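Chemist: One structure, pasted below without further comment.
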Amino acid sequence: MPRTVLITGCSSGFGRLIARTFLDAGWNVVATMRSPEMETELKSNDRLLLAQLDVTDSDSIQRAFTKAREVFGQVDVVINNAGYGGSGLFEQFSPDDIHAMYETNVFGPMNVMREALPDMRAAGSGVIVNVTSMAGHLGLPGNSVYSSSKHALVGLTEAMAQEYAPLGVRIFNVAPGAYPTTGFDAAVDKRLNSGDAQLVAFSHKLRAQISAVGAQMANKGGALADPQEVADHVFACVTEDRPIHNPSGSDAEMLTEMAGQANRQGFIDQLSAMLVPAA
Ligand SMILES: NC(=O)c1ccc[n+]([C@@H]2O[C@H](COP(=O)([O-])OP(=O)(O)OC[C@H]3O[C@@H](n4cnc5c(N)ncnc54)[C@H](OP(=O)(O)O)[C@@H]3O)[C@@H](O)[C@H]2O)c1
């Protein structure tokens, strides 16, 4: 019998590719999105359930899981993909902007995991993959607010992976570098013209330098990499033996190594051995 995966943010980008990857591999897929009535590419069939889910709305999460359980019996795997970025210096984000980003990028995945985990614990098995960002492994200038939100999700994932391993639930982080998804491109540069003249001038200067370095990395295959790579990493976390942290893309791999995190799994294994008992 095929297993069932529920994915958030399937209206575009990585989410849509992740849904297709699991479908092609014969899984039951619950492809969730904020506005399924707008969806034209993914169509419900006996292995694909389109469901409305906004990660900031716990009722919608409960409804989507209830429907998934009715149709497919249980949810074996959850992919927390929904999220959004945004460039700008810290002061170019209002407190409301920051709260909104944390609601989606941090509290959203928490809301979804809170719904998924009790069944997974009861079954003694389950997999959760959180799509974070390389910006969650280093303080990325020009993206400080986004970077901080993804650090929160990376830290949560690393700690939860250790907490839930003895209970049979495997939890992973896939951390993409820069990929040309439509939604992600749209988020860039939105706020660079806000604030006083100094903020505007410096944020543009910083953005230009980051773009130039990004273009150099693209020549090595980084920024122009195929977004399907991220879907493949996510699928591999579910189906293969993977470490907790999985940078995706040559830029993410290079920066993770520069940040001295290439052997993070060795450290996590030592920490877990010291702190985490068998269930
Ligand atoms: N592309 C990159 O270079 C890159 C790099 C690192 C990390 N990431 C991460 O990868 C993930 C996917 O991004 P993407 O690049 O594929 O961008 P995308 O094409 O914009 O996809 C983002 C998805 O998240 C959904 N979403 C946003 N807020 C939501 C909410 N409150 N509830 C449910 N869904 C919501 C969007 O749905 P709507 O259509 O309803 O807005 C969309 O389906 C994000 O977590 C992002 O931070 C991307």
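Read-outs throughout are calculated quantities, based only on the coordinates presented, and are distinct from any laboratory measurement. The structure displayed is predicted, hence computed values, not measured ones. Positions of Cβ are backbone-derived with ideal geometry, glycine not excepted, and every protein chain shown enters the neighbour counts.
Chemist: Can you sort 79, 268 so the residue with the fewest Cβ neighbours within 10 Å comes first?
Modeler: Working: 79 33, 268 17.
Ascending Cβ contact count within 10 Å gives the list 268, 79.
Chemist: Starting from the 7 Å offset along Cα-to-Cβ, what nm value, one decimal, do you get for the label separation of residue 262 and residue 198?
Modeler: For the pair residue 262/residue 198, the computed spacing is 4.0 nm.
Chemist: Could you name the aspartates and glutamates whose alpha carbon sits less than 17 Å from that of residue 67, not counting residues in the same chain fewer than 8 places away?
Modeler: 37, 46, 54, 57, 59, 76, 115, 119
Chemist: How large is log10 I(q)/I(0) at q = 0.09, 0.17 Å⁻¹ when the Debye formula is applied to the Cα atoms of the stretch 106-250, each weighted equally and without solvent?
Modeler: Scattering profile of the stretch 106-250, log10 relative to I(0): -0.34, -1.00.
Chemist: List the extent of the Cα atoms of the stretch 191-279 along each of their three principal axes, largest first, rounded to whole Å.
Modeler: 57, 30, 21
Chemist: Going by how many other beta carbons lie within 10 Å of each one, how would you line up 14, 267, 202, 72, fewest first? Could you put the intermediate results ahead of the total?
Modeler: Numbers: 14 30, 267 11, 202 14, 72 22.
Starting with the residue having the fewest Cβ neighbours, the order is 267, 202, 72, 14.
Chemist: Further question: Angle, helix 108-123 long axis vs. longest principal axis of the chain, Cα atoms, 0 to 90°, nearest 10?
Modeler: Approximately 20 degrees, to the nearest ten.
Chemist: Within 10 Å, count the other beta carbons around each residue, average over each peptide in 244-254, 134-144, 170-180, and list them highest first. Mind showing how you got there, number by number?
Modeler: Numbers: 244-254: 21.8, 134-144: 20.2, 170-180: 24.2.
In decreasing order of mean packing, 244-254, 134-144, 170-180 become 170-180, 244-254, 134-144.
Chemist: State the volume of the convex hull built on the alpha-carbon positions of the stretch 1-73, expressed per residue in Å³ and rounded to an integer. Intermediate values should be presented prior to the final figure.
Modeler: Working: hull volume 5.6 nm³, N = 73.
So the per-residue Cα hull volume is 77 Å³.
Chemist: Using only the alpha-carbon atoms, how far is helix 58-72 inclined from the longest principal axis of the chain? Give it as 0 to 90 degrees, nearest 10.
Modeler: The two axes meet at around 40 degrees.
Chemist: Going by amide H atoms built from the backbone, whose H comes under 5 Å of the H on residue 78, apart from near neighbours?
Modeler: HN-HN under 5 Å from residue 78: 6, 127, 128, 129.
Chemist: In whole Å, what are the Cα extents of the stretch 4-274 along the three principal axes, biggest one first?
Modeler: Principal extents (largest minus smallest coordinate, Cα): 56, 48, 35 Å.
Chemist: I would also like to ask the following. Where does helix 264-275 land angle-wise versus the long Cα axis of the chain, in degrees 0 to 90, nearest 10?
Modeler: 60 degrees
Chemist: What area, in nm² and to one decimal, does the C-alpha convex hull of the stretch 22-176 cast on average over all directions? Intermediate values should be presented prior to the final figure.
Modeler: Details: hull surface 39.4 nm².
For the stretch 22-176, the mean projected area of the Cα convex hull comes to 9.8 nm².
Chemist: Testing the spin-label approximation: label points 7 Å from Cα along Cα→Cβ at residue 39 and residue 59. State their distance in nm.
Modeler: The answer from the label model is 2.1 nm.
Chemist: Hey, another quick one. Any number yet on Rg/Rh for the stretch 58-149, C-alpha, Kirkwood?
Modeler: Answer for the stretch 58-149: 1.07.
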